[in-house]
Structure formats: structure tokens, C-alpha cells
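The values are calculated or read from the model by the stated rules, or taken from the named source; none is laboratory data. Note that the structure is a prediction, hence the values are computed from the model and not measured. In this analysis, Cβ positions are derived from the backbone assuming ideal geometry, glycine residues included, and neighbour counts consider all displayed protein chains.
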Amino acid sequence: MLSLVIPSYNEELNICAVAKVITQLLDQHKITYEIIFVDDGSVDQTFKMIETLAKENPKIRGIKFSRNYGKEAAIIAGLKSSKGKCCAVMDGDLQHPPEHLITMYDLWKQGYVIVEGVKTSRGKESWIYSKFSKLYYKIINNFIDMDLSGASDYKLLDRKIVDILIKLPEKDTFFRGLSLYFGFPRTTVEFEVAERASGETKWTLFGLFRYAVNSLSSFTAFPLYLITMVGSFLLLIFFILGIQTLYNYLVRGAVEGFTTVILLLLLIGSTTLISMGIIGHYIAKIYEEVKGRPRYIVEKMLPNQDLSLEGEI
Ligand code: UDP
Ligand code: MG
């Protein structure tokens, strides 16, 4: 059986269309499936729609979060409740073309335990968004030594991988990169990002920035080493400038170098602040993990018999 996890946040306009397209497609190819819609605390009618769909089709299930916990949490919650031999994750706005599910499924049958959707085009997006993501992937490719350009959350994973993934203790997951991190025979399926069926993207610039910083720091402590490296380099410059200043003062008897002082002040001030910010970020992460709060709280599950209120750690 194929489990399909669909994180959905305020997707009332898309849910029905998504369910229809996918059920038709999978029925047509005679693939047994379950669809798990994870309502990530939508404030619109998303969960009502899921309820109706679940009543009509027993293969459709729903999970409702008590508030918006983010797409990553929704993916993990969906995967946790999935029962299929393989699980696919797909956006709830039809931007991930559903027909590729069949290709992914076939590749899984051939023995690939990770099948990843790779974006060949990025669809319609704003100039700032595309520049930002280019820069982000450049940084991430250099830092982490994993080629993530074109990576997406559109993936199909074998049960084996899902079981490892859902047992990870960390709360700040980065689904896109984690499956790469595992190794195992994996393959990719290229797809073009379609235009959003309806509604607006849920990303804000600040949200993207937070996502970028979080994903980077959940994979590498390199920024921390970078601080030390930059610090040592500055110290070296200090020595050279120090000797020069002393020489000027003692031999030439001149008081010079106001520019140098100001430049240095600026440089040191800014690097100190950045360094403190980076360290602060990692400490915040440790703090989040140490608090041990649940990553999400489930308010409702469909069908109802499953459980009523569950906090997942
Ligand atoms: N999403 C979610 N929780 C959020 C934000 C988004 O579950 O806090 C879902 C959203 O409903 C959609 C998918 O994640 O199914 C991708 O979101 P979106 O289309 O906004 O991102 P984009 O495609 O623009 O990168
Ligand atoms: Mg989208």
C-alpha cells in the first residue's frame, strides 16, 4: 500500500481537487493507497473538507493540529500515522504534479528506497524569492556537501526510511535534506513546478529566512567554527596593525590612523554581533530541544476511533 501524506494549511480551495485527482489517478493504476491530510491548524474550512472527504472515502484520513506548527511537523505527523509499505509526501496545492507519483511508485518497486522529486523549473515566484533561494542553495551546497539544488518535499520513501525518520529525536527536522542524509539507493524524478491551483503561498520572507537558518544549522555546526576562524584572522590583523601603530608612535611620533580605528571598530563590532547572533541561534536550538515540548499537538484524528488528543514528541 502507498500512503500519501499531504500537509495542508488553509487549502480549502484545493483539498477537494487534490483528493479527486489523486484518487482517480491511483485507482486507474490499481495502486492501493491511503491519503492522510494533515491540517496544520488552518483557520479556514480545510478540516471540514477533509471530514467530508473521509466520510465519502474510507481510504482518506485526516489529522488536525491544534494550531499551526509548520509544514515539517505536519509531514512528520502524517508519516507517523501512515501504514503503507511506501509513503509519499506531496503539497496540497497541486504544485507537485500528481502523475509523477506513478513514476515514483514504479521506481520504488524496482528497489529504490528513496525517490526524490527534483524541480527542473521553479514555477512562478517573485524575483526576491528566487534570488533568495539561489543564494541559500549555494550556501547550503558549500557548507553541507550535499547537492540540494532543486530539492523539494515531493518524495516517496520506503517504510524502512520512514521508520528511521519518525524516530529521530530532533524536533527541528529538515525533511528536504534528511532523506539525502540517510544514504541508501536513491533516485530522482524531475518535475516542473506547476502553478498553485488556488490560494496564495504560505511563505513570508521572514518565514523563509527562519527556514533557511534553521535548516542550515540543523545540518552543520560550521558557522560556529567560522566564528573562530574569522576571530583568529582578525587577531592576526590586530597584531600587524598594532606593530605598525606602535612603530608610527615611537619612531615617527605621529598620531595617525583615525580611519583605521573607525574601520576596525566597525569591523569588530559587526563581526562580534554576528558571532553572538550565530551562537545565540544554536543556544536557542538547544533550549528548544531541552524543553522537550511536543513538536505538535493533535486535536482531532479521522477516523475518530484513533485517538482524541495527542502530543507528539
Ligand atoms: N503548509 C503547511 N504548513 C504551513 C505552511 C504550508 O502545511 O505552515 C503546506 C501548504 O498547505 C502546502 C505546502 O505546505 O500544501 C507548501 O506550501 P506553499 O504552497 O505555501 O509553499 P510553496 O509551494 O510556495 O513553496
Ligand atoms: Mg505551493
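Pick out the one residue from THR52, THR32, THR46 that is within 24 Å of GLU195 (Cα to Cα) and either assigned by the TED database to the domain that holds PHE191 or free of Cβ contacts under 8 Å to residues at least 24 places away in the same chain (or both).
Answer to the check: THR46.
When you scan segment 32-72, how many residues do you find that are closer than 30 Å to LYS109 by Cβ and within 14 Å of ligand 1 (Cβ to nearest atom)? Talk me through it step by step, then tell me what you get.
Restricting attention to segment 32-72, the residues satisfying the condition of being closer than 30 Å to LYS109 by Cβ are 32-38, 50, 53-54, 56-63, 71-72.
Going one step further and asking which of them are within 14 Å of ligand 1 (Cβ to nearest atom), we end up with 35-38, 50, 62-63, 71-72.
The qualifying residues number 9.
Counting just the residues of segment 24-77 that are assigned to a helix (DSSP H, G or I) and acidic (Asp, Glu), which one comes out nearest to ligand 2 (Cβ to nearest atom)?
Here the residue is GLU72.
Any residue in segment 59-78 that is under 10 Å from ILE297 (Cα atoms) sitting within a Cβ distance under 7 Å of a residue that is within 16 Å of ligand 2 (Cβ to nearest atom) and hydroxyl-bearing (Ser, Thr, Tyr)? List the pairs, counting only those 6 or more apart or interchain.
ASN68/TYR9
Filter segment 151-182 down to the residues that are of a type outside the set (A, V, I, L, M), over 13 Å from the mean Cα position of the chain (by Cα) and over 20 Å from LYS85 (Cβ atoms) and list them by number.
PRO169, GLU170, TYR181 - these are the residues of segment 151-182 that are of a type outside the set (A, V, I, L, M), over 13 Å from the mean Cα position of the chain (by Cα) and over 20 Å from LYS85 (Cβ atoms).
I'm trying to understand the selection: among the residues of segment 168-200, which are within 16 Å of ligand 2 (Cβ to nearest atom) and either in contact with a Pro (Cβ under 8 Å, 6 or more places away or on another chain) or free of Cβ contacts under 8 Å to residues at least 60 places away in the same chain (or both)?
Correct list: ARG176, PHE191, GLU192, ALA194, GLU200.
Please pick out the residue among GLU200, GLU256, GLU190 that is at pLDDT 85 or above, over 30 Å from GLY41 (Cα atoms) and among the charged types (D, E, K, R).
GLU190
Taking segment 234-250, which residues are under 44 Å from the mean Cα position of the chain (by Cα) and over 13 Å from THR260 (Cβ atoms)?
Selection gives LEU234, LEU235, LEU236, PHE239.
Please indicate, with yes or no, whether at least one residue in segment 158-177 is in contact with a His (Cβ under 9 Å, 6 or more places away or on another chain) and either at pLDDT 80 or above or in the same structural domain as SER121 (by the TED database) (or both).
The answer is no, given that none of the residues of segment 158-177 is in contact with a His (Cβ under 9 Å, 6 or more places away or on another chain) and either at pLDDT 80 or above or in the same structural domain as SER121 (by the TED database) (or both).
Looking at ILE279, ILE262 in this structure, which one is part of a helix (DSSP H, G or I), in contact (Cβ under 8 Å) with a residue 24 or more places away in the chain and β-branched (Val, Ile, Thr)?
Unique residue meeting the criteria: ILE279.
Do any residues in segment 114-131 that are part of a helix (DSSP H, G or I) have Cβ atoms under 9 Å from those of residues that are at pLDDT 80 or above, where the two are at least six apart or on different chains, and which pairs are they?
So the pair list comes out as ILE128/LEU205; TYR129/THR201; TYR129/TRP203; TYR129/LEU205; TYR129/LEU208.
Can you pull out the residues in segment 185-218 that are of a type in the set (Lys, Arg), under 18 Å from the mean Cα position of the chain (by Cα) and under 28 Å from TYR105 (Cβ atoms)?
LYS202
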